1. Would you mind telling me which numbered condition in (1) more than 15 Å from the ligand (Cβ to nearest atom); (2) closer than 21 Å to M253 by Cβ G398 fails?
2. Exactly one of (1) in a loop (DSSP other than H, G, I, E, B); (2) open to solvent by 80 Å² or more (accessible area, probe 1.4 Å) is unmet by D225. Its number?
3. Enumerate the pairs (first residue in the range 422-451 and more than 17 Å from K319 (Cα to Cα); second residue anywhere and at pLDDT 90 or above and aromatic (F, W, Y)) with beta-carbon separation below 9 Å, excluding pairs fewer than 6 apart on the same chain, so at least 6 apart or on different chains.
4. How many residues does the range 414-429 hold that are buried (at least 24 other Cβ atoms within 10 Å of the Cβ) and either in a loop (DSSP other than H, G, I, E, B) or aromatic (F, W, Y) (or both)?
5. Give just the number: which of (1) polar (S, T, N, Q); (2) over 26 Å from K286 (Cβ atoms); (3) in a loop (DSSP other than H, G, I, E, B) does Q361 not satisfy?
6. Being open to solvent by 40 Å² or more (accessible area, probe 1.4 Å) and acidic (D, E) is the filter here; which residues of the range 287-331 pass it?
7. Does T372 satisfy the criteria of being crowded, with 24+ Cβ neighbours inside 10 Å, in the same structural domain as W313 (by TED's automatic domain parsing) and part of a helix (DSSP H, G or I)?
Amino acid sequence: MCGIVGGVSKNNNIVPILINGLEKLEYRGYDSAGIAIINHNRIQRIRSVGRVSNIHKKISQKNLKGKTGIGHTRWATHGGVLEKNAHPHISNNEIVVVHNGIIENHAKLCDFLKNKNYIFKSETDTEVIAHLIHYFRKNKPSLLEAVHKTCKKLEGAYAIAVSNKNSNEIIVARNGCPLIIGVSEDQNFIASDISALISVTNNVIFLEDGDIAVIASDSYKIFDDNLNQINRKIYKSSVKENQMELGPYDHYMQKEIYEQPIAIADTIESIIDEGSINPKLIGGLKFDASKYESILILAAGTSYYAGLTAKYWFEHLAKVPVNVEIASEYRYRDAVTPKKQLIITISQSGETLDTLEALKQAKKNGNKNSLTICNVQESAIVRQSDYVFYTRAGVEIGVASTKAFTTQLVCLFVLSLIFAKQRKKITKKNELAYIEELRKLSGHIQTALNLEPQIKAWAKKFSRKSNALFLGRGIHYPIALEGALKLKEISYIHAEAYPAGELKHGPLALVDKDLPVVVIAPNDKLLEKVKSNMQEVKARGGELFVIADADSQFDAEAGIHVIRTNRHVGILSPIVHAIPVQLLAYHVAISKKTDVDKPRNLAKSVTVE
Ligand code: G6P
């Protein structure tokens with residue numbers, strides 16, 4: 001949700017570093033981009049709607065160079081997608097600001113500043129920050145003090161980077177949105193995340209809420225929100241530049257779909273020690289599942305569907321009651337909190353504001369312990385949680401989540417085994433049998449990936465449709481939900497998912513020859529029920545696209561297309577069946593020529609409400 005990058009170098013031109021950083025951050029927002037360079041007591045700014053490549057062209061034309069600069073990729077919240085709303089924003093040719101987040105009291109601050117004769121040139125909430133800093137500098141305090149005073153007036157979430165026309169420093173502040181410092185020799189950087197900086201450094205400091213920092217080429221100083229200087233640890237990031245490269249693939253989503261066998265194997269091996277699941281490997285902390293009587297899972301988007309799947313595992317294997325709730329709903333509800341409830345948050349980014357705030361609310365509601373399943377080291381949700389179970393998906397760049405989802409499912413399955421083991425609901429023999437099945441999972445995923453040619457053929461039929469229906473039952477219903485979400489996210493086809501048993505209670509009215517109906521139909525105990533639901537569709541002329549197992553025992557016929565994964569893999573089956581629905585969405589998007597990795601109006605990391 002907007003990406004920030006900036007840097008101050010003693011000897012190097014910062015412009016290529018900013019452009020490279022913005023390209024890496026584009027997944028956070030891609031409706032406009034801009035950079036500002038401080039040069040000979042002047043702010044030079046280039047902005048453009050559209051992709052970073054658009055400002056790249058303008059920079060080459062203007063031969064822009066400099067050693068101090070800030071840049072931004074935007075995901076519009078306040079104000080349309082127009083060049084005047086793109087960041088950086090400037091006040092009186094002196095102060096320049098980029099911002100990620102939302103300033104909730106911007107209207108009030110705007111009135112105040114208009115009374116002081118400030119002229120607003122954009123429709124954004126960000127411009128108040130630039131003018132307010134300018135206003136506080138009038139009495140000649142340092143830029144740091146002016147930023148500090150400004151932050152005290154801001155309500156909402158923000159990460160900001162600020163400079164002024166005769167400075168070779170950048171001031172940054174964070175409250176609720178991520179911001180890191182990248183430390184290097186004779187040059188230091190700031191960014192929304194490490195992906196923007198891996199080409200220049202892997203030494204990073206994660207700023208915390210309330211932190212303000214001054215970045216110069218040869219130093220950085222961090223202060224708390226009373227301007228007392230503080231220390232923060234430097235981490236060595238394990239993210240490698242080649243992880244961000246596309247390699248032989250056409251799109252990041254395609255690459256990430258194909259990385260799933262490896263990502264899943266890495267995630268499983270991170271928690272298995274000498275053939276057995278070792279809970280100590282979760283964040284190195286002693287995790288005792290036997291002290292919890294219930295679980296509440298909080299998440300958003302695809303991560304929420306991972307939670308819905310996990311409910312079946314926890315209840316089936318560990319006999320522990322589980323509720324799964326959309327984070328943005330839980331936050332504003334008078335939730336009744338049972339004693340001894342574990343909160344589990346699921347988030348690939350670890351930044352989703354709705355999930356972070358729901359976690360904070362859960363703590364206020366009296367929940368004492370929380371565990372997060374997350375893909376990003378030291379992210380905000382990780383820092384707010386007692387226990388962390390990292391998915392080992394590697395960097396996920398495609399906006400539509402794929403390998404993060406299946407690795408979340410693996411973590412959740414393992415966690416349900418830990419619960420079952422520590423609550424003495426599973427025998428050693430069964431635990432070992434499940435581990436054995438887990439280890440075979442990557443092979444099953446590979447077989448599912450081999451279905452691509454058949455799915456491509458299906459995709460051609462979908463690309464002419466306006467609507468689609470996904471059906472599943474039991475543990476596969478969340479996979480139907482995920483299939484519908486993937487399809488609408490990247491192909492813009494309206495798609496709904498229903499538990500197949502609900503068909504007759506409403507959606508059956510939609511079924512006609514123009515409605516493709518995707519059915520997740522593995523050979524589990526609900527297969528016969530699903531077959532009856534399929535007949536209900538067929539009888540009304542609907543066209544069925546069935547994702548079955550090798551042993552689901554039904555054949556293709558007129559109006560029924562069938563593809564088959566490997567043999568049925570029991571309760572791990574949702575993880576295998578996630579693959580065909582991802583491939584389907586991908587190939588429909590390709591036939592519709594949409595922007596697969598950066599679908600319109602969306603962003604990968606949503607740090608606003
Ligand atoms: C955005 C992304 C989705 C993601 C959701 C939750 O909407 O586009 O792919 O599932 O946020 O994100 P999280 O990082 O918390 O899993």
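The values are calculated or read from the model by the stated rules, or taken from the named source; none is laboratory data. The structure presented is a predicted model; accordingly, all values stated were derived computationally and were not measured. Neighbour counts run over all protein chains shown; Cβ positions are idealised from the backbone, glycine included. Heavy atoms of the whole protein, side chains included, go into the accessibility calculation; ligands, DNA and RNA do not. Shrake-Rupley method; radii C 1.70, N 1.55, O 1.52, S 1.80 Å.
1. (1)
2. (2)
3. Partner pairs satisfying both residue conditions: L438/F413; L449/Y258.
4. Qualifying residue count, the range 414-429: 1.
5. (3)
6. D288, E293, E315, E329
7. Values: crowded, with 24+ Cβ neighbours inside 10 Å: yes; in the same structural domain as W313 (by TED's automatic domain parsing): yes; part of a helix (DSSP H, G or I): no.
Criteria not met by T372.
Residues are listed down the side, and each one gets a yes or a no for (1) modelled with pLDDT of 95 or more; (2) away from the ligand (no atom under 14 Å from the Cβ); (3) of a type outside the set (F, W, Y):
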| site | (1), (2), (3) |
| --- | --- |
| I277 | no, yes, yes |
| Y305 | yes, no, no |
| F314 | yes, yes, no |
| I326 | yes, no, yes |
| P338 | yes, yes, yes |
| Q384 | no, no, yes |
